[in-house]
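Here's the structure we're looking at; comments come further down.
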Amino acid sequence: MSNNKTWTNWAGTAECHPRSFIYPSSEEEIQALVKNAVKEGRGIRIAGNGHSFTKLVETSDLLLSLDKWSGLREVDGSIVEVRSGTNIKVLGEELFKAGLAQENLGDIDVQSIAGAVSTGTHGTGVELGNLATQVTEITFVNGSGELINCSEEKDRDVFKAAQISLGALGIITRMKLRCVPKYKLELKNIKGDFNDCLKNVDKHNKENRNFEFYYFPYTDVVQMKFSNLTDATPKDGGIGSYLNDIILENGAFKVLSEFSRMVPSQSRNVSKLAGKFVGESQRCNWSHRVFATARLVRFTEMEYNIPAESFQECIREIRKKIDDTQYDLHFPIENRFVKGDDIWLSPAYGRDSAYIAIHMYKGMPYEKYFTDMENIFKKYNGRPHWGKMHFQKAGDLAKRYPKWNDFHRIRKAMDPKGVFMNDYLKSIFGE
Ligand SMILES: Cc1cc2nc3c(=O)[nH]c(=O)nc-3n(C[C@H](O)[C@H](O)[C@H](O)COP(=O)(O)OP(=O)(O)OC[C@H]3O[C@@H](n4cnc5c(N)ncnc54)[C@H](O)[C@@H]3O)c2cc1C
């Protein structure tokens, strides 16, 4: 335990000065902590690796990190049990040693598994759900200090609420994940034209395991990413791939981004220049080494889930709004596709979905751009990614989630004293 420290998130959009940082290393310790907090009338928040953009983690009271509660606990065929503080990259390597892999991942691997699952983190692939759909059983310490174990078969309502719970039901200590035999992916980055890409979105989604694309504002350029299963020997794509994946997405892009921040009126030209530099590359490796890319350029992000069938109309409206408004903007827009699920607070609840992510370089104003885009997303029944910026409050969110009231019924049963509430959660839950 240590005191007088500052906690900040990756993007610098959330910060707090907790009374105590606590690093428990056993379930018994976590249970005792919660019971004691209840007795003393204290609040607890749980930090993963701080990669959410919203103020989910902030607290002035007790902040708990599970960094010392990490690693695979059990492997039973393709079902594994993992401690909640395990970093996704570490998990990938441990699964690999056991001949297994996660069926899908997002585009970074530095999150804790519990943090990623709890906000509905996703990758891309129309046949693949978000990470929480890989979870088959969850064990957590609730707001009374009890150890709760739930699954599809056992306490189903609690499980459906716990799969994506924003750390509001309790402290997840373990989860079981449905894994698949380890597999290799071949990733191809291909430059394309916006209208051609949209014409072929359904085809690309059908013919590729993982398809996504980035659109460069104020240009016709897209960068398409296709990943498919392969038996080929792992190899990187050489210097061309390195320039495309790392330098453009990170190093050179950082220089361009700094220039945009200093001379915002040049942002549109920077986007056009970045579009020109988009190259083509190919590489092949084990899946967990392909999904993740380094993100050295810091930014603020909003991402919305919309029904898959609204994607074309929505992205065209976004493009038109950007062209008409001429925002100082140079970051590409990321477009991904995810299979629908039945998790109560999942943005993909009950619908096959598209996710559209917009970004602004750290230090540049994002409010007007994000507000305008959010108004468009809302027209298409958009639901925000729980870990990314949005301006919605409880009234609006409740209308978008058919199981909203069921989630809160379980939340109140699991945390009757509101031990896990902070100001941000109160604002989005309407308390
Ligand atoms: C550069 C970057 C790239 C990203 N890429 C993607 C992407 O490709 N796809 C995508 O969907 N998202 C992406 N995200 C968002 C990110 O995956 C989520 O915000 C995720 O929640 C971050 O995980 P974390 O471990 O940092 O958790 P934190 O942000 O620290 O916490 C997230 C939530 O989980 C809760 N929590 C953490 N641990 C526990 C626990 N043990 N028990 C209960 N609650 C817990 C916290 O209280 C909080 O509410 C990205 C974010 C960044 C900054």
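A short reminder: the numbers here are calculations on the coordinates, not readings from a lab. Keep in mind it's a predicted model, so treat the numbers as computed, not measured. Neighbour counts are summed over all protein chains in view; Cβ atoms, including those assigned to glycine, are modelled from backbone coordinates with ideal geometry.
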Placing each pseudo-label 7 Å from Cα in the direction of the beta carbon, residue 381 and residue 228 end up separated by a distance in nanometres of 3.3
About its Cα centre, the stretch 67-181 carries a charge dipole, from +1 on Lys and Arg Cβ atoms and -1 on Asp and Glu Cβ atoms, whose size in debye to the nearest 20 is 200
HN-Hα couplings for the stretch 212-220 via Karplus (6.51, -1.76, 1.60; θ = phi - 60°), in whole Hz with x for Gly/Pro, come out as 8, 8, 9, 10, 8, x, 6, 9, 9
Quick calc, the stretch 116-170, dipole around Cα centre from Cβ unit charges on Lys, Arg (+) and Asp, Glu (-), nearest 20 debye, gives 140
Rounded to the nearest whole number, the per residue volume of the convex hull around the C-alpha atoms of the stretch 280-374 in Å³ is 149
The distance between the Cα centres of the stretch 378-408 and the stretch 190-216, in whole Å, is 28
At the level of C-alpha centres, the distance separating the stretch 331-356 and the stretch 1-57, in angstrom, is 29
Percent relative contact order for the chain, counting Cα pairs under 8 Å at least six residues apart, stands at 18
Summing -39500 (n - 2.57) over every DSSP H run of at least 4 residues in the chain and dividing by its residue count gives a helix-only mean residue ellipticity at 222 nm, to the nearest 500 deg cm²/dmol, of -9000 deg cm²/dmol
The value for the chain (convex hull of the alpha-carbon atoms, volume per residue, Å³) is 131
In debye to the nearest 20, the charge dipole size for the chain, taken about the Cα centre with +1 at each Lys and Arg Cβ and -1 at each Asp and Glu Cβ, equals 500
With the label point 7 Å along the Cα-to-beta-carbon line of residue 39 and a cut-off under 16 Å to each amide N, the hits in the stretch 61-100 are none
Footprinting proxy, 20, 165, 271: sorted fewest to most Cβ within 10 Å, the residues are 20, 271, 165
Taking the dipole of the stretch 136-277 about the Cα centre (Lys, Arg +1; Asp, Glu -1; charges at Cβ), the one of 163, 142, 195 that reaches farthest to the positive side is 195
Sequence order, the stretch 259-267: Karplus ³J(HN,Hα) from phi using 6.51 cos²θ - 1.76 cosθ + 1.60, θ = phi - 60°, Hz rounded, Gly and Pro as x, gives 4, 4, 5, 6, 10, x, 5, 8, 4
